[in-house]
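Student: This structure is in structure tokens; I'll ask about it shortly.
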Amino acid sequence: MAYSVNFRRKVLASKERDNLSFEETALRFGISKSSLSRWSKRLEPCLTRNKPATKIDMVRLARDVEQYPDAYQHERAERFGCSQRGICEALKRLKISQKYPDR
């Protein structure tokens, strides 16, 4: 679970006010030094992941959906050598949300 932005502000303000190091602040609040370092660079938590799909070829997946419209996700996962959840997320990126969109 992520710490709230309000808590992050209070921790960093306490660090500055009391002139503490990252290690001293981490011990005082029971959090990691790396978290404090990240917060000092960027206070807001990262909510999205800006990374393209690397394992599943989206063009090949779209062709697979056209060629095998009745296939289950676990069958596609076996053909692509990945997890069923990976296929599910890739289909979402292709905006294919139902097995039978016409029905």
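Student: Roughly what would the spin-label model give for ARG28 and ALA2, points 7 Å off Cα along C-beta, in nm?
Tutor: 2.5
Student: Let me ask something else. Counting only helical runs of four or more DSSP H residues, what would the 222 nm mean residue ellipticity of the chain come to if each run contributes -39,500 (n - 2.57) and the total is spread over all its residues? Before the final figure, lay out each step's value.
Tutor: Working: 6 runs with 58 residues, N = 103.
After summing the helix terms and dividing by the residues of the chain, the value is -16500 deg cm²/dmol.
Student: Roughly what angle does helix 5-17 make with the longest principal axis of the chain, taking Cα atoms, 0 to 90 degrees, to the nearest 10?
Tutor: Its long axis makes an angle of about 30 degrees.
Student: At 4 °C and 1.567 mPa s, grab the translational diffusion coefficient of the range 6-91 from Stokes-Einstein with a Kirkwood Rh over Cα pairs, rounded to a whole number in µm² per second.
Tutor: 78
Student: Hey, what do the phi angles of the range 72-87 turn into as Karplus ³J(HN,Hα) couplings, whole Hz, using 6.51/-1.76/1.60 and θ = phi - 60°, x for Gly and Pro?
Tutor: So the J values, rounded to whole Hz, are 7, 5, 5, 5, 4, 4, 5, 5, 8, x, 9, 8, 5, 5, x, 5.
Student: If you don't mind, there's one more thing I want to ask. How far, in degrees from 0 to 90, does helix 58-67 lean away from the longest principal axis of the Cα atoms of the chain, to the nearest 10?
Tutor: Computed tilt is about 30 degrees.
Every number in this text was worked out from the coordinates using simple rules, so none of it is lab data. Quick caveat, the model's predicted, so the values are computed rather than measured. Positions of Cβ are generated from backbone atoms using ideal geometry, with glycine treated the same way; all protein chains shown enter the neighbour counts.
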